[in-house]
Amino acid sequence: MLVGHSYGGAVITQAATDAENVTALVYVAAFAPDQDESAGELDQRFGGAAQQVTTARPLPGADQAAPEGPPQVELSIDPARFHEVFAPDTTAANAAVMAAAQRPLALAAMLERAGAPAWKRHPGYYAIATEDQMIPVAGQRFMAERMNATVVEVPTGHVAMLGAPEAIADLITTATER
C-alpha cells in the first residue's frame, strides 16, 4: 500500500502503475493526475494557492542546465504564509519549524505529465481536507470521484494528518484490511 500527501499523490500515482505488490493507494489531500495531466494543471484548474504563496529560486546547478524544458527553479511556500495556508491545524511555533524545514519542490515536477495512473489498476482511498487552501476541496472531490475512491472528509487544512490523525489512520487501516 502506498500513501501520498499533496504532491506525493502524483508520485504514488506513477510509482504503483506496474507494481504487482501494491494493494491500495491512499491519497491525503493529494494530487491524483490522470494520464497526460500534471499536478500543476490540476492546481490551476481548481484555483489552488500554490502560485500565490510560493517563491521560486534557481535549482542548485541550474546555471549548467540545458535551456530546453521547464524553468530550472524550485518552489518553497512563503514562511510568512505557511501556517495560514499549509498547516493551520498546528501551532504557529510548529508551523514555523515546518516552514523552515520544508523541502522545495522542483517546478518541473509540477509540470510533468502523468503516464497511466495506478488508481485505474489499484483501489483508491482519499481523505478530503475540507478546509484545505492548497488543493481546493472541489479539486479533491473531483479527483476522488473519478478514481471511484473510498472517501473520508475531514474538517482540516492541507496537512490533514495533523488536524485529524485518527481519521487518517482509520482510512489507512481500512485500506490495509481490504
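The values are calculated or read from the model by the stated rules, or taken from the named source; none is laboratory data. Fair warning: this is a prediction, and the values are worked out from it, not measured in the lab. Positions of Cβ are generated from backbone atoms using ideal geometry, with glycine treated the same way; all protein chains shown enter the neighbour counts.
One line per residue, one yes/no per condition, for (1) hydroxyl-bearing (Ser, Thr, Tyr); (2) touching a strand residue (DSSP E or B) at 6+ places or on another chain (Cβ under 9 Å):
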| site | (1), (2) |
| --- | --- |
| Ala10 | no, yes |
| Thr17 | yes, no |
| Asn21 | no, no |
| Asp34 | no, no |
| Ser38 | yes, no |
| Glu41 | no, no |
| Gly47 | no, no |
| Gly69 | no, no |
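Taking the range 135-163 as the region of interest, how many residues are on the phi < 0 side of the Ramachandran plot and either surrounded by 23 or more Cβ atoms within 10 Å (Cβ to Cβ) or in a loop (DSSP other than H, G, I, E, B) (or both)?
Matching residues across the range 135-163 total 14.
Residues in the range 108-121 that are modelled with pLDDT under 95 and surrounded by 21 or more Cβ atoms within 10 Å (Cβ to Cβ): Met110 only. Among the residues of the range 85-96, are any closer than 30 Å to Thr150 by Cα, in a strand (DSSP E or B) and of a type outside the set (A, V, I, L, M)? No, because not a single residue in the range 85-96 is closer than 30 Å to Thr150 by Cα, in a strand (DSSP E or B) and of a type outside the set (A, V, I, L, M). One residue stands out among those in the range 97-107 that are over 16 Å from Gly157 (Cα atoms) and hydrophobic (A, V, I, L, M, F, W, C): the one that is surrounded by the fewest Cβ atoms within 10 Å (Cβ to Cβ), which is Ala101. Restricting Phe31, Phe82, Phe86 to residues that are surrounded by 13 or more Cβ atoms within 10 Å (Cβ to Cβ), within 14 Å of Glu112 (Cβ to Cβ) and at pLDDT 95 or above narrows the list to Phe31.
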